[in-house]
1. List every residue pair whose Cβ atoms lie under 7 Å apart, where the two residues are 6 or more positions apart in sequence or sit on different chains, the first residue falls within region 95-115 and is free of Cβ contacts under 8 Å to residues at least 40 places away in the same chain, and the second residue, located anywhere, is among the basic types (Lys, Arg).
2. Does any residue of region 108-117 turn out to be open to solvent by less than 40 Å² (accessible area, probe 1.4 Å), over 17 Å from ALA73 (Cβ atoms) and modelled with pLDDT under 95?
3. When the residues of region 118-151 are narrowed to those that are open to solvent by less than 80 Å² (accessible area, probe 1.4 Å) and of a type in the set (Val, Ile, Thr), which ends up farthest from THR96 (Cα to Cα)?
4. I'd like to check something: does region 73-80 contain any residue that is buried (at least 20 other Cβ atoms within 10 Å of the Cβ), modelled with pLDDT under 95, touching a Cys at 6+ places or on another chain (Cβ under 6 Å) and more than 17 Å from SER133 (Cα to Cα)?
5. Identify, from the list ALA83, ALA97, ALA101, the residue that is assigned to a loop (DSSP other than H, G, I, E, B), small (Gly, Ala, Ser) and modelled with pLDDT of 90 or more.
Amino acid sequence: DKFGLSKTDSPIKYILSEDCKTLTVSNSGDKHAKAVCAAIGTDDYVLGSIIESQLINIVGPFGTQSPTRATAAMQFMQTQKPADEIEGLLLSQMYTAHSLAMEFAARAAQSSEDSEFVDRNVNRASRLMRAFSNHLESLNRHRGKGQQKVTVEHVHVHSVGQAVIAPVMGDSKKRGEG
């Protein structure tokens with residue numbers, strides 16, 4: 001592909017450092033850089049690493065970094081194969097919205113708190129789910145999968161009330177009209 005990766009290249013994986021405070025990558029160096037660029041949809045490693053960092057810092061349980069969740073986030077990005085940076089940004093926002101929506105929904109479902117706490121978390125989850133749907137629509141439009149537009153270029157209406165719709169092809173004098 002355009003990023004120099006083959007189907008046999010390993011997915012991006014993260015592990016906790018020995019001090020259990022930071023995430024490190026299991027495949028380092030040039031392979032990791034190429035994999036991040038492919039996952040984000042960019043040729044620019046600096047941009048790719050910034051988006052990677054933003055994504056993996058958000059998807060862990062609140063306030064923590066989880067190697068499993070970070071790996072899942074980047075593997076999601078890899079499987080979606082963004083064609084450019086816009087797709088990469090939309091996909092990272094979609095993954096973040098989904099992850100946070102599920103987190104807020106879980107808080108609401110597992111809560112023994114008052115109903116106001118539950119309502120707040122359900123509302124947050126609902127807004128994030130709507131944001132996910134909006135991002136999906138934007139992604140589909142960007143990829144050309146949105147609603148298609150039909151343009152009628154020329155209409156002939158005959159005396160019996162029937163209309164013939166056809167594209168305009170060249171000069172009308174060349175077709176014997178006019």
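1. Filtered contacts from region 95-115: PHE104/ARG124.
2. Within region 108-117, the first condition is being open to solvent by less than 40 Å² (accessible area, probe 1.4 Å), and the residues that meet it are 108, 111.
Retained after the next criterion (residues that are over 17 Å from ALA73 (Cβ atoms)): 108, 111.
Add one more test, that the residue is modelled with pLDDT under 95, and what stays is 108, 111.
Checked against the condition, which is being open to solvent by less than 40 Å² (accessible area, probe 1.4 Å), over 17 Å from ALA73 (Cβ atoms) and modelled with pLDDT under 95, region 108-117 yields at least one hit.
3. Of everything passing the filter in region 118-151, VAL118 is farthest from THR96 (Cα to Cα).
4. The first filter runs over region 73-80 and keeps only residues buried (at least 20 other Cβ atoms within 10 Å of the Cβ), leaving 73-74, 77.
After this cut, where a residue has to be modelled with pLDDT under 95 as well, the list is 73-74, 77.
Next, only the ones that are touching a Cys at 6+ places or on another chain (Cβ under 6 Å) stay: none.
No, region 73-80 contains no residue that is buried (at least 20 other Cβ atoms within 10 Å of the Cβ), modelled with pLDDT under 95, touching a Cys at 6+ places or on another chain (Cβ under 6 Å) and more than 17 Å from SER133 (Cα to Cα).
5. Working: ALA97 fails: assigned to a loop (DSSP other than H, G, I, E, B); ALA101 fails: assigned to a loop (DSSP other than H, G, I, E, B).
Result: ALA83 is the single residue among ALA83, ALA97, ALA101 that is assigned to a loop (DSSP other than H, G, I, E, B), small (Gly, Ala, Ser) and modelled with pLDDT of 90 or more.
The values are calculated or read from the model by the stated rules, or taken from the named source; none is laboratory data. Remember, it's a predicted structure, so these values are computed and weren't measured experimentally. FYI the Cβ positions are ideal-geometry reconstructions off the backbone, even for glycines, and counts take in every protein chain you see. Remember, those area values only see protein heavy atoms, side chains included, never the ligands or the DNA or RNA. Shrake-Rupley method; radii C 1.70, N 1.55, O 1.52, S 1.80 Å.
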